[in-house]
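Everything below concerns the one structure shown next.
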Amino acid sequence: MVTKLLHTRMRVNDIERTVQFYEQALGLKVSRRHTSPRGAQLVFLATPNSDEEIELCQLPNSASVQVQPDLMHLAFAVTDLKAFAAGLEKKGYKLSDGPTATGSGSLIAFIDAPEGYEVELIQK
C-alpha cells in the first residue's frame, strides 16, 4: 500500500540553470545533491509546507529534453498572485499566461521553467 508521495522527477538539460530558476523565481531551496550510480546529476528541491520534493535530473550523454506543450505542470499556492507576478517581473521573469479568474473563484497564472515545463501559480 502506498503511504506517501515522496518526490516528482523532471529531467533537464541544464541542471544549474533550472536550479537557479526554482530558487530565484519561486524561492525553493536545494535540500540535497548527489550523483546517481548511473552518473546522473540529481538535485532535490524542498517545497514550502510540503514533505514532497522536486527531483531534477541531468543525465550525461543523453538526448536533449524536449517538453511537449501542456505535457505536465507543477502547481504552487501563492497568497497574492498579482504581487507575486510583480516580484517575478523585478527578477526578470514573466508570466506566460494569466492571471485568469477561474469558475471556483481562484486566480491562476503560469510561468515557464527551463525546457518548457510549466509552473502554475494559484491564489485561492
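The values are calculated or read from the model by the stated rules, or taken from the named source; none is laboratory data. Just so we're clear, the structure is a prediction, and the values are computed from it rather than from any experiment. Neighbour counts run over all protein chains shown; Cβ positions are idealised from the backbone, glycine included.
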Exercise. What tally of residues in segment 27-45 results from selecting those that are aliphatic (A, V, I, L, M) and touching a residue at least 24 places away in the same chain (Cβ under 8 Å)?
Worked result: 3
Seminar exercise, completed: Output for Cβ contacts, cut-off 9 Å, separation at least six or different chains, first residue not assigned by TED's automatic domain parsing to the domain that holds GLU55 in segment 1-26, second small (Gly, Ala, Ser), reads none
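Restricted to segment 82-115, and to residues that are free of Cβ contacts under 8 Å to residues at least 60 places away in the same chain and acidic (Asp, Glu), which residue is nearest to ILE15 (Cα to Cα)? Full working, then the answer.
So the first thing to find is which residues in segment 82-115 are free of Cβ contacts under 8 Å to residues at least 60 places away in the same chain, and the list is 82-87, 89-90, 92, 94-110, 112.
Now restrict to residues that are acidic (Asp, Glu): 89, 97, 112.
Numbers: GLU89: 23, ASP97: 24, ASP112: 15 Å.
Filtering first and then ranking leaves ASP112.
Scan segment 31-42 and give yes if some residue there is over 21 Å from ALA77 (Cβ atoms) and in contact with a Ser or Thr (Cβ under 8 Å, 6 or more places away or on another chain), otherwise no.
Yes, there is a match, as at least one residue in segment 31-42 is over 21 Å from ALA77 (Cβ atoms) and in contact with a Ser or Thr (Cβ under 8 Å, 6 or more places away or on another chain).
Any chance you could count how many residues in segment 77-94 are buried (at least 16 other Cβ atoms within 10 Å of the Cβ) and closer than 13 Å to GLY27 by Cβ? Talk me through it step by step, then tell me what you get.
So in segment 77-94, the residues buried (at least 16 other Cβ atoms within 10 Å of the Cβ) come out as 78, 81, 84-85, 88, 93.
With the extra rule that they be closer than 13 Å to GLY27 by Cβ, the set shrinks to 78, 84, 88, 93.
Going through segment 77-94 one residue at a time, the tally reaches 4.
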For this session: For VAL78, work out the one condition from (1) touching a Phe, Trp or Tyr at 6+ places or on another chain (Cβ under 9 Å); (2) not assigned by TED's automatic domain parsing to the domain that holds LEU121 it doesn't fulfil.
Result: (2)
Exercise. Hey, among PRO69, PRO60, PRO37, which residue is in contact with a helix residue (DSSP H, G or I) (Cβ under 9 Å, 6 or more places away or on another chain), at negative phi and either loosely packed, with under 10 Cβ neighbours inside 10 Å or outside any loop (DSSP other than H, G, I, E, B) (or both)?
Worked result: PRO69
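Can you confirm whether segment 75-91 contains a residue that is over 23 Å from ILE122 (Cα atoms) and of a type in the set (A, V, I, L, M)?
No, every residue in segment 75-91 fails to be over 23 Å from ILE122 (Cα atoms) and of a type in the set (A, V, I, L, M).
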